[in-house]
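The values are calculated or read from the model by the stated rules, or taken from the named source; none is laboratory data. If you're wondering where the values come from, they're calculated on a predicted model, not measured in any experiment. Glycine gets a Cβ as well: all are built from the backbone with ideal geometry, and neighbour counts include every protein chain shown. We work out accessible area using only protein heavy atoms, side chains counted, and drop any ligands, DNA or RNA first. Shrake-Rupley method; radii C 1.70, N 1.55, O 1.52, S 1.80 Å.
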Amino acid sequence: MQNFTFHNTTKIIFGQDTIGQLGQEAKPYGRKALFIYGQGAIKRNGVYDQAVASLKAAGIEIVEFPGVRANPVLSHTRDGIALAKSQNIDLVVAVGGGSVIDEAKAVCAGACTDTDVWQFYTRESAPAKALPLIAVLTVAATGTEMNGGTVIMNEATKEKYGCGYPLLAPKVSILDPTTTFTVGPEYTAYAAVDAATHLLESYFTSTDPNTLLQDRYVEGIVRTIMDVTETMLKSPDNYAARATFMWAATLAWNSIAPCGVGPWSTPNHLIGHSMSALFDTPHGASLSISLSGWLPWYAEQSEANARKLEQFGKEVIGFTWRDTQRAVEETISSLRAWFRRIKSPTRLAGINVDDAGLVQVAENVEMCNVHWGLPDYTKDRVIRILKKCI
């Protein structure tokens with residue numbers, strides 16, 4: 001167990017019929033809110049009406065800012081910042097999935113400075129102040145509801161970067177599992193892959209051998225995610241499954257899993273973000289493809305890596321092969337089979353990317369790798385990885 005600092009201040013309100021508490025939770029932070037949401041799904045499923053009614057009952061004036069994309073973009077973020085400044089906004093209310101909350105965090109930071117918000121993502125600057133953020137989560141996946149992280153794509157430069165600052169964490173996040181009943185099978189699958197990958201990044205990239213507690217935490221949540229995803233796909237309105245997954249996704253990326261594991265990295269997110277930046281690939285779809293190529297490459301790098309994959313196969317999938325190589329092959333094969341069973345792609349062809357597109361992804365990764373702290377992920381390495389999933 002290595003030294004670490006854990007800091008998480010978000011208040012979580014979890015359960016059915018909790019959106020009505022939004023107004024009272026927001027009221028201490030101001031009287032005029034920028035209400036950020038996506039492409040209109042919250043109007044179709046009734047969440048919009050619940051949220052607006054609660055805010056109005058609390059006497060909070062609403063300025064609407066809709067239109068956040070599934071891969072949130074810098075130009076729209078800048079529009080939100082300009083609106084927040086011109087309307088003298090006190091707080092931001094984000095109602096939606098991870099993309100909505102991520103963009104809302106950027107607006108919270110950008111509204112309090114004359115510095116261009118993109119500089120926070122390129123690490124040229126850091127926010128010193130941010131508007132308070134209240135979130136209502138409607139798509140469980142990213143964990144952004146309980147952390148200070150945010151991801152935005154600069155569509156002009158084809159760079160998709162993330163950054164994280166404690167002051168961007170939501171003050172309060174409301175998680176009502178019933179809001180996810182209308183999430184379709186495609187994005188339910190992508191959400192499951194996203195949440196699982198959040199856990200697997202530190203699990204596989206940490207080199208400390210003494211991480212028993214963290215390993216069990218990851219293995220238990222990943223196994224749970226795999227179990228309940230198939231239930232959600234068969235019965236979209238199964239409350240127990242949706243509730244379990246919603247909390248699992250939050251626990252996957254709220255900074256607990258990597259505490260004490262030492263240095264770790266996010267190579268699959270690096271590769272996946274390049275796919276999304278170039279081809280607007282859904283985040284979860286890009287991760288199932290990346291993992292399908294990265295895991296066999298990872299296993300080839302050292303005996304320790306192969307043994308970690310063997311451990312994952314034993315604890316999560318249930319394999320008991322005595323031969324490590326056989327266990328590695330079966331583990332990767334089974335994980336890919338799970339991706340396919342829930343209909344998340346495992347090959348670049350699944351997102352209509354050919355050999356030329358593969359090279360484009362590798363070049364984009366090389367352009368971004370230093371920013372991610374992964375300079376070893378060169379064009380050549382990424383080509384080798386992605387050729388394992390063509």
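See the values below:
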item: Residue count for segment 123-144, restricted to those that are closer than 14 Å to residue 77 by Cβ and either of a type in the set (S, T, N, Q) or out of contact with any strand residue (DSSP E or B) (no Cβ under 6 Å at 6 or more places or on another chain) (or both); result: 2
item: From 74, 55, residue being open to solvent by less than 80 Å² (accessible area, probe 1.4 Å), in contact (Cβ under 8 Å) with a residue 12 or more places away in the chain and in contact with an Asp or Glu (Cβ under 7 Å, 6 or more places away or on another chain); result: 74
item: Matching residues in segment 350-366 - criterion: being part of a loop (DSSP other than H, G, I, E, B) and buried (at least 18 other Cβ atoms within 10 Å of the Cβ); result: 353
item: Odd one out for residue 261 among (1) crowded, with 20+ Cβ neighbours inside 10 Å; (2) among the β-branched types (Val, Ile, Thr); (3) under 29 Å from residue 357 (Cβ atoms); result: (3)
item: Condition broken by residue 297, with the remaining ones in (1) at pLDDT below 95; (2) within 30 Å of residue 357 (Cβ to Cβ); (3) of a type outside the set (A, V, I, L, M) satisfied; result: (1)
item: Single unsatisfied condition, residue 250 versus (1) of a type in the set (Val, Ile, Thr); (2) outside any helix (DSSP H, G or I); (3) crowded, with 23+ Cβ neighbours inside 10 Å; result: (2)
item: Subset of segment 2-52 that is open to solvent by 40 Å² or more (accessible area, probe 1.4 Å) and among the small types (Gly, Ala, Ser) - its residue that is farthest from residue 138 (Cα to Cα); result: 20
item: Residues within segment 313-349 that are in a helix (DSSP H, G or I) and within 21 Å of the chain's Cα centre (by Cα), tallied; result: 6
item: Residues that are of a type in the set (S, T, N, Q) and assigned to a helix (DSSP H, G or I), drawn from segment 31-57; result: 50, 54
item: Tally of residues being buried (at least 23 other Cβ atoms within 10 Å of the Cβ) and part of a helix (DSSP H, G or I) across segment 277-289; result: 8
item: Pick from segment 108-155, criterion hydrophobic (A, V, I, L, M, F, W, C) and part of a strand (DSSP E or B), ranking: nearest to the chain's Cα centre (by Cα); result: 151
item: Failed condition for residue 88, given (1) in contact (Cβ under 8 Å) with a residue 40 or more places away in the chain; (2) touching a Lys or Arg at 6+ places or on another chain (Cβ under 8 Å); (3) crowded, with 22+ Cβ neighbours inside 10 Å; result: (3)
item: Unmet requirement for residue 188, which otherwise passes all of (1) outside any strand (DSSP E or B); (2) more than 22 Å from residue 233 (Cα to Cα); (3) open to solvent by less than 10 Å² (accessible area, probe 1.4 Å); (4) of a type in the set (Ser, Thr, Tyr); result: (2)
